[in-house]
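Report on the following structure.
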Amino acid sequence: MQASVPIRDAATMIVLRDREAVLMGQRGASAAFMPGKFVFPGGAIDPNDALVTATPLPALCADRLSDRAQIPPTAIAAAAIRELWEETGQVLGAPQTWANAPKGWRGFAATGHIPNVAATTFFFRAVTPEGAPRRFDARFLLADAADLITDPDDFTRAEDELSHLQWVPLDQARSFDLPFITQVVLAELRAHIARGGPPETVPFFANDDERHLVHRLGGKSPL
């Protein structure tokens, strides 16, 4: 019998540009997780993500991120911003000197910015189904490309984890080799754009039963 694969907490950043394209890259063919697939920037949450100096997270977003979670909500949003920085070279930040940045954040801090978690919206959550070589409890955060402080077409500072970094038009995304959950997220995103405003609830694919029910994280509406 295959040993149970531990579930790691993770964060993913969806950057929407002009309401018509999202930033994606391709994982390597030899990657252990989702090889060759086009994905959003993202990865595991590090302990140091809870030590960052950041802008205030919107109350409703923080409340929803805290639902069924053991990690501080700001750490989750910050992790998504860190992964965006590492994998694409793009900075979602607010100008501020940050002298004591923890390990893993020093390159970001050297740009003269702190993570701008205030510019993010908690949008989607999913746990990798059983049977995968790696499993993640991934939170998807949504941001607007207009809030990037870097040139959105400059990927020269990106690490090499993702290749073919590009802005994928939403109406062409189906032609890319996407994981199933990414297809679901994109469908939710198109509905979100058509509807406008913050999502009423956040879909949560917990994969915690045979029926694969979708939970809804609503949070408390701000006063």
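Taken together, the values in this text are just the output of simple stated rules run on the coordinates, not laboratory data. Quick caveat, the model's predicted, so the values are computed rather than measured. A quick note on method: Cβ atoms are made from the backbone with ideal geometry, for glycine too, and the neighbour counts reach across all protein chains shown.
Here are some notes:
- Segment 140-155 - phi-based ³J(HN,Hα) in whole Hz, Karplus 6.51/-1.76/1.60, Gly and Pro as x: 9, 9, 10, 9, 9, 4, 5, 8, 5, 9, 10, 5, x, 9, 9, 10
- Rounded Å value of the spacing that divides the Cα centres of segment 89-119 and segment 140-157: 14
- Remark: Asp171, Asp144, Asp9 ranked as Asp171, Asp144, Asp9, counting other beta-carbon atoms within 10 Å and listing the fewest first.
- Under 5 Å from the amide H of Gly93 lie the amide H atoms of Asn116, Ile149, each residue being 5 or more positions distant or on a separate chain, with H modelled from the backbone and absent for Pro and chain starts.
- Among Trp167, Trp98, the ranking by other beta carbons within 10 Å of each residue's beta carbon, starting with the fewest, stands as Trp167, Trp98.
- Net +/- balance of residues flanking Ala44 in space, Cβ distance below 13 Å, scoring K and R +1, D and E -1: -3
- Beta-bridge orientation, the chain: approximately 70 percent antiparallel, per DSSP, counting only bridges with both partners inside.
- Charge tally around Val202: other residues with Cβ under 12 Å, Lys/Arg +1 each, Asp/Glu -1 each, net +1.
- Average Cα contact separation per residue, the chain, under 8 Å, 6 or more apart, as relative contact order %: 28
- Net charge, Leu170 excluded, C-beta distance under 11 Å - Lys, Arg +1, Asp, Glu -1: +1
- Karplus-derived 3J(HN,Hα) values for segment 112-122, using 6.51 cos²θ - 1.76 cosθ + 1.60 with θ = phi - 60°, are x, 9, 10, x, 8, 5, 5, 8, 10, 10, 5 Hz; glycine and proline are entered as x.
- From the Kirkwood radius over Cα pairs of the chain, Stokes-Einstein at 20 °C and 1.002 mPa s returns a whole-number translational diffusion coefficient of 121 µm²/s.
- Helical content alone sets the calculated 222 nm signal of the chain at -6000 deg cm²/dmol, taking -39,500 (n - 2.57) per DSSP H segment of four or more residues and averaging over every residue.
- By the count of other C-beta atoms within 10 Å, a proxy for reagent exposure, His192, His164 are ordered fewest to most as His164, His192.
- Candidates per trypsin sites (Lys or Arg not before Pro) in segment 87-143, loop by DSSP, up to 14 other Cβ within 10 Å: Lys103
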